[in-house]
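In what follows, a structure is listed as structure tokens, so that the remarks can point back to it.
The values are calculated or read from the model by the stated rules, or taken from the named source; none is laboratory data. This is a predicted model, so every value here is computed, not measured. Neighbour counts run over all protein chains shown; Cβ positions are idealised from the backbone, glycine included. Calculation scope for accessible area: heavy atoms of the full protein, side chains included, ligands and nucleic acids excluded. Shrake-Rupley method; radii C 1.70, N 1.55, O 1.52, S 1.80 Å.
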Amino acid sequence: MTAPTIPLVEQPLRPLGRARATLKGRQSDEAALREVRALIGAAPEGGHRRDLLIENLHCLNDAFHGLFERHLVALAAEMRLAPVEVFEVASFYHHFEILKDDAAAPALIVRVCAGLSCEMAGARDLLARLSVLLGAGVRVVEAPCIGRCEQAPAVLAGQQAVPMATPAAVVAAVKALGAADTPPGTSEGPFSEKYVQKRPDPSAEWSSEAIETIAYDAYRAAGGYGLAAAVVNGEHEAEAVIQALEHAGLRGLGGAGFPAGRKWRIVRAEAAEAAERRAAPSEATAPSGGSATREAVQRGGALMAVNIDEGEPGTFKDRFYLERDPHRFLEGLLIAAQVVGTEAVYLYLRDEYHDCRRLLQRELAALMANPPCPLPHIELRRGAGAYICGEESAMIESIEGKRGEPRMRPPYIAQTGLFGRPTLEHNFETLYWVRDIVEKGPDSFAGHGRHGRKGLRSFSVSGRVAQPGVKLAPAGITLRELIDEYCGGMAEGHELYAYLPGGASGGILPASLADVPLDFDTLQPYGCFIGSAAVIVLSQHDRARDAALNVMRFLADESCGQCTPCRVGTAKAARLMEAEHWDSETLDELALVMGDASICGLGQAAPNPIRCMHKYFRHEVGEAPWPGDLPKPKGKGAAAPVAEPTARPERAP
């Protein structure tokens, strides 16, 4: 049977609608474009660099005390980015606030640290009083740890730090900043840059001595950068440098503890492989006279990223050393860059360290004006208030101008890191010790230690001790020894009850375990780790459950939100931990899921305070009677001891 034929009927073309006069979406206006260009400068040939997005956002935020939508749209147009890219980055970081165009920006933002050490020193009361005392144009906000735990309670008035803050001191700082009639960070208030080199130092054994920063000329006059120049000029073998680090047992001092020498070898090898790939005839051709290109190929195109974000609550050692001896760190940086073979170095400094940023800018300018040897390209990048950017891959994302979300592994950043190139990532303090170890020999570092451990550790000690501060002590020292020998004992009227050996992530231990050596790998059997060696000491006036809740709230607030176990788990755990009697079964399930399924260390370490409470402080959460040999909490809100363990609530089927 033949199929019927369907005739085709020609249809007239439909008339085109009237063309749009403008592009879809919100367009930038000329006034906003002029304001943006005045701050970030004219676009260079090829356009603005995508990786400088966060730096450009800081320019706008500092100038206008917030990020107005009109400026974000104009910035997107100026940088040739989709507006959604700019908005998604700006909305990720705590220190950026997106404002409607008709909104009024605050004249000043006062950040009151609510970290554990500051909370123990009365930050909650200070926050409530400042909200009443300061004018309507000043916004008072609760902030996560700002890295001044030895100066608790600490406050940031704009970009000026107010250590050991009182209401009167904060009011005086705010008035001084307002009187200067300039944006935050540019005034000459009582806590401004001119006092960085000489001001009272509460972290140096509570003395009245001033902080003396070793500036560039003084450092060079004392023989500084001699070793770096010898390494760069080939007078000191690169292999000998790596061997010195290996024999000294230097490990990453930002928290992970990866052996520094081994990391240098890995990145050096990856850089060499990258150089071979780039030098292959099928992939690269040498331009005429191309000495610079050939040198870059030989160096392997590796990059270096230095983590000075130091966001772990209780940690302030990097700031302590940076304020005093920045060039010892910079010399270690130059040695690492030469040995590994990096083309450029990126320093990532936390945004709360405004004085340190100005100091580094000044000293880097002096170094570049009179270099002791050929220097790699060095850029100083500014964080924007995100604890997660202390994680190495999240920091790299932030340096690239993106949201600071951790990457999946593999590949590891030693293989594919910053801008897709092999990357050496180090913490500030790790590089700080490189010069001394190589110059004085590995034993100058490894010769210290107690209880079978080797090396030196910089402990950031805060809380209920007589003399908080950075304490350089032998690795393996116990908490009891650290308090008695380095901190002047407990503060008057306080008895040791508990302590956090490694900041928010490191867990909580009771006083009965104050004789455990403090070092890498010694605390894991007790459900804790040393991390960045941030030690927070609690007394009988504190409750471990309050510390655990403070930590969990911090982790929930700082979760990047990328993975569900961490984003939902930390928030739900914080709510459950507010109850007088804990739902232990649910909390244990949350801890298991967070630890096993989170992408990065934040979620993986979040269960530590829960597990430590169940293991060592069951009497505080209604799971056991109060032990007779333990001091009972005497602080405000202390709960009465539980007579008998409380049964777990029945679970719904």
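Which value in deg cm²/dmol, rounded to the nearest 500, describes the helix-derived mean residue ellipticity at 222 nm for the chain, given -39,500 (n - 2.57) per DSSP H run of n ≥ 4 and division by the residue count?
After summing the helix terms and dividing by the residues of the chain, the value is -11500 deg cm²/dmol.
List the chymotrypsin sites (Phe, Trp or Tyr not before Pro) within region 71-152 that DSSP assigns to loop and that have no more than 10 neighbouring Cβ atoms inside 10 Å.
none
With a point put 7 Å past each Cα toward its Cβ, work out how far residue 104 is from residue 63 in nm, to one decimal.
2.3
Pairs 263/454; 263/317; 175/471; 454/615; 471/615: which exceed 27 Å Cα-Cα?
Going by Cα-Cα distance, 175/471; 454/615; 471/615 fall outside the 27 Å limit.
Please give the charge dipole size of region 41-95, origin at the Cα centre, charges +1 on K and R Cβ atoms and -1 on D and E Cβ atoms. Round to the nearest 20 debye.
Using Cβ point charges on Lys, Arg, Asp and Glu, region 41-95 gives about 80 debye.
Within the chain, what's the longest stretch lacking trypsin sites (Lys or Arg not before Pro) that sit in DSSP loops with no more than 16 other Cβ atoms inside 10 Å?
Between exposed loop sites, the widest span is 199-449.
Taking 0.36 nm per intervening residue step and subtracting the Cα-Cα distance, what contour gain separates residue 419 from residue 495 on full extension?
Between residue 419 and residue 495, full extension yields an extra 22.3 nm.
Near the amide H of residue 477, under 5 Å away, which other amide H atoms are found, from residues 5 or more places off or on another chain, if H is placed in the peptide plane?
450, 518
Of 564, 607, 619, which is farthest along the charge dipole of the chain in the positive direction, counting Lys and Arg as +1 and Asp and Glu as -1 at C-beta?
Checked the options; the winner is 564.
Which net charge results for the neighbourhood of residue 472, defined as the other residues with beta-carbon distances under 10 angstrom from its beta-carbon, given Lys and Arg at +1 and Asp and Glu at -1?
Here the count lands on +3.
For the pair residue 172 and residue 262, what calculated FRET efficiency results from E = 1/(1 + (r/R0)^6), where r is the Cβ-Cβ distance and R0 = 35 Å, to the nearest 0.05?
That gives a FRET efficiency of 0.10.
Using DSSP to define loop residues, name the GluC sites (Glu not before Pro) in region 28-96 whose beta-carbon has at most 16 other beta-carbon atoms within 10 Å.
For GluC sites (Glu not before Pro) across region 28-96 that sit outside H, G, I, E and B with at most 16 neighbouring Cβ atoms in 10 Å, the list reads 45.
Expressed as a whole percentage, what fraction of the accessible surface of the chain belongs to carbon and sulfur atoms when a 1.4 Å probe is rolled over the protein heavy atoms?
53
Going 7 Å from the Cα of residue 141 toward and past its Cβ, which residues in region 395-429 have a backbone nitrogen under 18 Å from where you end up?
403-404
So, with +1 on the Cβ of K and R and -1 on the Cβ of D and E, and no other charges, what is the size of the charge dipole of region 505-632 about its Cα centre, to the nearest 20 debye?
It works out to roughly 180 debye.
Between 143, 68, 155, whose Cα lies farthest towards the positive end of the dipole of region 36-178 when Lys and Arg beta carbons carry +1 and Asp and Glu beta carbons carry -1, centred on the Cα centre?
With unit charges placed on the Cβ atoms, the residue in question is 155.
If I model a spin label as a point 7 Å beyond the Cα along the Cα-Cβ vector, how far apart are those points for residue 443 and residue 276 in nm?
3.9
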